[in-house]
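*Asks:* Here you go, one structure.
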Amino acid sequence: MATRTRAAFVALVVAATLVLAGCGNSSSPDMLDPKGSEAKHIAGVWWLMFGLAAGVYLIVGGLIVHAILRGRRRARSEDASVDAPDSPRFDDRMITYGGVVVPLVILFVLAVVTVRTTDAVRKPAANALRIDVVGKRWWWAVTYPAIPFTTANDIHLPAGRPIEIRLTSDNVIHSFWVPQLAGKVDTIPGQTNVLRFSAQKPGTYRGECAEFCGIQHAHMGFVVVVQTEGDFQRWVAEHQKPPLEPASELADEGQIAFQTLPCAGCHTVAGTSAQGDLGPALTDLGERPYLGAGAATNTPSQLSQWIRDAPSLKPGVLMPRITMTDAQARAIVAYLESLD
Ligand code: CUA
């Protein structure tokens, strides 16, 4: 018995260590560290549910331990009156309150809080900034109709202003989730769902696709860059200006190679003849932290590998291997890195 108790204790410690190790990873987005008004509401509901569940667990666990100890005391004692069983009336009352009344009260409280929270996080705001997001295979197309400007996997927005993200998909169902800023909302083909929130603190927040959507579901991430209103206005102004000519001879060669190889057939670079819409727009590729929706980091060497052999970094990606010379690859990397 003692061996079994020790084994159970060791298993409990190992499980708790693994669970807590998951909480300490600062790079993973934590919905319990909310930085948006809607995310705060949702975290509040989570803590309430956790508190109630923990309370029920402790009470039930305590009753089980009490029953075991009482049974042992009775078994050891000759005197049948020691720790005699409680009366049937007491048992009936425990079943009525513990099994019916208390669960009903808990479920009622949770239902009211959930409905009120859902209502609060959906409330439209008059001066909201609208952003259109389309779930692709496996990346996110992001359009600002008011600028107008289209990018991918990299969403800039101002802190403090209400945001309205209109979500849809042109393939399967995905789910758009930035745990620190708002709840998750599915992107569904043929339907537009709206996510409303406002971010409270400038910073970079990671988002993920939260609905299994195929082989590269795990690499369908994005970043949300929350800026001060002033920084955001500067970002908008930069993307309203006509694009600059490539700054170096190498980048200039890269633009020509980009337009002669198949690249321009699938990708858009605003203000140039590259106007493909199968792949992500690359107009600001130079300022994005990741390639392939989080499959690789945006460094010259990873970008070089990506443009020549994207499937080696992201198996299943729709972008095929592209044959090019080393000189063409170097020039295209210089061109793409110059786009911001
Ligand atoms: Cu898109 Cu999972």
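Every number here is computed from the coordinates shown, using simple stated rules; none is lab data. It should be emphasised that the depicted structure is a prediction, and the values quoted were computed from it without experimental measurement. Note: ideal-geometry Cβ built from the backbone for every residue, glycine included; neighbour counts use all protein chains shown.
*Asks:* Exactly one of these conditions fails for K136: (1) surrounded by 17 or more Cβ atoms within 10 Å (Cβ to Cβ); (2) free of Cβ contacts under 8 Å to residues at least 40 places away in the same chain; (3) within 25 Å of G316 (Cα to Cα). Give me its number.
*Replies:* Every listed condition holds for K136 apart from (2).
*Asks:* If you check T192 against the conditions, is it of a type in the set (S, T, N, Q), within 23 Å of M31 (Cβ to Cβ) and away from the ligand (no atom under 16 Å from the Cβ)?
*Replies:* Here the answer is no, as T192 does not meet what is asked.
*Asks:* Can you tell me how many residues within the stretch 220-239 are within 26 Å of G160 (Cβ to Cβ) and within 16 Å of the ligand (Cβ to nearest atom)?
*Replies:* 3
*Asks:* Do you know which of the residues in the stretch 122-148 that are hydrophobic (A, V, I, L, M, F, W, C) and closer than 21 Å to S169 by Cβ is nearest to the ligand (Cβ to nearest atom)?
*Replies:* Step by step, filter the stretch 122-148, then rank; the result is W138.
*Asks:* In the set D119, D132, which member is under 28 Å from the mean Cα position of the chain (by Cα), of a type outside the set (V, I, T) and in a helix (DSSP H, G or I)?
*Replies:* Within the list D119, D132, the selection yields D119.
*Asks:* Please identify the pairs in which a residue from the stretch 157-172 that is buried (at least 17 other Cβ atoms within 10 Å of the Cβ) has its Cβ atom under 6 Å from the Cβ atom of a residue that is small (G, A, S) and part of a strand (DSSP E or B), counting only partners at least 6 apart or on another chain.
*Replies:* Qualifying pairs under 6 Å: A159/A199; S169/G135.
*Asks:* Which condition does V113 not pass, out of (1) touching a Phe, Trp or Tyr at 6+ places or on another chain (Cβ under 8 Å); (2) touching a residue at least 60 places away in the same chain (Cβ under 8 Å), if it passes all the others?
*Replies:* In the conditions (1) touching a Phe, Trp or Tyr at 6+ places or on another chain (Cβ under 8 Å); (2) touching a residue at least 60 places away in the same chain (Cβ under 8 Å), V113 misses (1) alone.
*Asks:* So, one more: Where in the stretch 246-340 are there helices (runs of 4 or more DSSP H), lying fully within it, with 3 or more residues that are in contact with a Leu (Cβ under 7 Å, 6 or more places away or on another chain) and surrounded by 19 or more Cβ atoms within 10 Å (Cβ to Cβ)?
*Replies:* Because the criterion is at least 3 residues that are in contact with a Leu (Cβ under 7 Å, 6 or more places away or on another chain) and surrounded by 19 or more Cβ atoms within 10 Å (Cβ to Cβ), the helices (runs of 4 or more DSSP H) in the stretch 246-340 that meet it are 326-337.
To keep it simple, each residue is scored yes or no on (1) away from the ligand (no atom under 16 Å from the Cβ); (2) surrounded by fewer than 19 Cβ atoms within 10 Å (Cβ to Cβ).
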site: S175; (1), (2): no, no
site: P179; (1), (2): no, no
site: G207; (1), (2): no, no
site: A218; (1), (2): no, yes
site: P242; (1), (2): yes, yes
